[in-house]
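Single-structure report; data block below.
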Amino acid sequence: MNRLLRAEWFRMTKTMRFWLLAIILVLFGAVVPFINGPENAGEYLVQTGEDSAMILILFVAMFAAVLTATAFGNRTVYYEVMSGKRPMQILVSKCLVIAGTITGVMGVSFVAATLIFGSAKGYGELDDVAVRLLLYIVVLLHATVMGVLMVTTFRGALGAVICYLRFMLVDTLVSIILEVSFENSPSKYMKYMRWLLMGQPMSVFGEKITGEVVCAILMSFVLETLLWGGLSYIFMKKRLYK
């Protein structure tokens, strides 16, 4: 397993695409939310949840999908199979290296920007800042893991397209339906948005942190990971281990 992790890391970091996207990711995570000119770090986080967080979620998911797709494009995944690696080992290694690295890069840049700004301007009326930042990192990890597993399920570029559609069509469509259905009941709207990945940043930075909010974020991550992880395992076993 260690050898597989090192090989995945080497394959990912030797490409110019990774470093270019990583630089964009750092700038995007640390700079974009400041465009609206927040007065303090608390306002900065609330604006992030309302405005730029959905774009960031889509970006990190597609970043993970693109990096995973290259393993199918250059056929390195087939060499992993021929070397005797089991499907679960391959899936876990890609999630740990690709999803873990992207989440780490994004998380560090975002948290660093927040703490630096907070030390200078304070956090306003926003409470539980550390918990909110930790939950946001979980949301980022959820998005990147989905990017990896959708590509391993559908193999290559098709998986990246499915990933894009999953966020832009499914999440967007469901959020619109919820907004229309609960137009006069914001509390019910937020209650359901907690379970929607692209709506979770709104809950993380816009709601009071309760057990229900934490449970929705963690459970949606676990359930969707089990779903796509199971599909990836089945399809990989069927297509690559005949």
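Each reported figure results from applying straightforward, stated rules to the coordinates on display, with no laboratory input. Because the structure is predicted, anything quoted here is derived from the model rather than measured. All Cβ positions, even for glycine, are placed from backbone atoms using ideal geometry, and neighbour counts span all protein chains on display.
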- [ ] Among the lysines, select those whose C-alpha is under 27 Å from the C-alpha of residue 85, and discard any that sit fewer than 8 residues away in the same chain.
- [x] 14, 94, 237, 238, 242
TODO: Putting +1 on Lys and Arg Cβ atoms and -1 on Asp and Glu Cβ atoms, find which of 105, 145, 158 reaches farthest to the positive end of the dipole of the stretch 77-169.
DONE: 158
Open item on the list: List the lysines whose Cα sits under 28 Å from the Cα of residue 208, skipping any in the same chain fewer than 8 residues away.
Closed with: 121, 188, 191
Task: Scattering curve values for the stretch 160-242, log₁₀ I(q)/I(0), Debye with Cα scatterers, q = 0.15 Å⁻¹ - done: -0.64
Task: Proximal charge balance of residue 208 [Cβ under 13 Å; K/R count +1, D/E count -1] - done: -2
Open item on the list: Can you compute the modelled spin-label distance between residue 219 and residue 162, with each label point 7 Å from Cα toward Cβ, in nm?
Closed with: 2.6 nm
